[in-house]
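The values are calculated or read from the model by the stated rules, or taken from the named source; none is laboratory data. Source: prediction; values computed, not measured. Cβ: placed from backbone, ideal geometry, glycine included. Neighbour counts: every protein chain shown.
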Amino acid sequence: KNEVEQSPQNLTAQEGEFITINCSYSVGISALHWLQQHPGGGIVSLFMLSSGKKKHGRLIATINIQEKHSSLHITASHPRDSAVYICASQKLVFGQGTRLTINP
Amino acid sequence: DGGITQSPKYLFRKEGQNVTLSCEQNLNHDAMYWYRQDPGQGLRLIYYSQIVNDFQKGDIAEGYSVSREKKESFPLTVTSAQKNPTAFYLCASKVQGAVDTQYFGPGTRLTVL
């Protein structure tokens, strides 16, 4: 079992839908990163959070350190949100990624 | 503009040849990292360097070598000993010691023919 697990591995939705991607980890961490990898391969850091919730535009990330769980939500999803979303612990252990496809 | 550059974006090599992937950053970050990404798998750490002239093996260092002669540069050599070198390689950097965001380069896709 990986230290950091994501679900689902693949997610396809229609434009406008509310999206949730989950990340759970088996070791204690103090912070978690959410990253976005575009089809060309480039990676952008979305959030680094250690507690509670952070919001940036249509993206919301939450974390519960005690339950070892984090979620990334996308509201009013758009085809340009199509990418691979990766969570990683602050010790740089990466989840396997969730491939999100938003259809128009 | 500050950032990380990797070159080239696509690289093709014949089996048995060594190849060196470039990673340069002008963010004044102490720590630099090399990751490998394979389809359906998470990023796996190859090597990392926390300071100039020092580097440590990651989880999958066999068949790879690195150097860190300058703060700005952390080249990765994929040697002929690496059994499955075809992959997407990502370089990253961050401020050493901080629980901070890593900055990633655009990646190099290496294909060994």
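A compact table of results
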{"quantity": "Which numbered condition A:His73 misses (of (1) on the phi > 0 side of the Ramachandran plot; (2) in a strand (DSSP E or B))", "calculated": "(1)"}
{"quantity": "Checking A:Ala31 against (1) over 14 Å from the mean Cα position of the chain (by Cα); (2) surrounded by 15 or more Cβ atoms within 10 Å (Cβ to Cβ); (3) within 10 Å of chain B (Cβ to nearest Cβ), the condition it does not meet", "calculated": "(1)"}
{"quantity": "Positions within region A:18-58 being among the small types (Gly, Ala, Ser), more than 15 Å from A:Gly95 (Cβ to Cβ) and modelled with pLDDT under 85, in sequence order", "calculated": "A:Gly28, A:Ser30, A:Gly40, A:Gly41, A:Gly42"}
{"quantity": "Cross-chain or 6+ apart pairs with Cβ under 6 Å, region A:57-72 first and surrounded by fewer than 16 Cβ atoms within 10 Å (Cβ to Cβ), then among the aliphatic types (A, V, I, L, M)", "calculated": "A:Arg58/A:Ile74; A:Arg58/A:Ala76"}
{"quantity": "Filter result (within 14 Å of another protein chain (Cβ to nearest Cβ), out of contact with any Asp or Glu (no Cβ under 6 Å at 6 or more places or on another chain) and basic (Lys, Arg)) within region B:58-113", "calculated": "B:Arg109"}
{"quantity": "Qualifying positions in region B:58-113 - in contact (Cβ under 8 Å) with a residue 24 or more places away in the chain and β-branched (Val, Ile, Thr)", "calculated": "B:Ile60, B:Val66, B:Thr77, B:Val78, B:Thr79, B:Thr86, B:Val95, B:Thr108, B:Thr111, B:Val112"}
{"quantity": "Those residues of region A:76-104 which are assigned to a loop (DSSP other than H, G, I, E, B), within 12 Å of chain B (Cβ to nearest Cβ) and within 16 Å of A:Gln37 (Cβ to Cβ), in sequence order", "calculated": "A:Leu92, A:Gly95, A:Gln96, A:Gly97"}
{"quantity": "A:Thr98 out of contact with any His (no Cβ under 8 Å at 6 or more places or on another chain) and surrounded by fewer than 16 Cβ atoms within 10 Å (Cβ to Cβ)", "calculated": "no"}
{"quantity": "Which numbered condition A:Glu5 misses (of (1) over 14 Å from the mean Cα position of the chain (by Cα); (2) modelled with pLDDT under 95; (3) acidic (Asp, Glu))", "calculated": "(1)"}
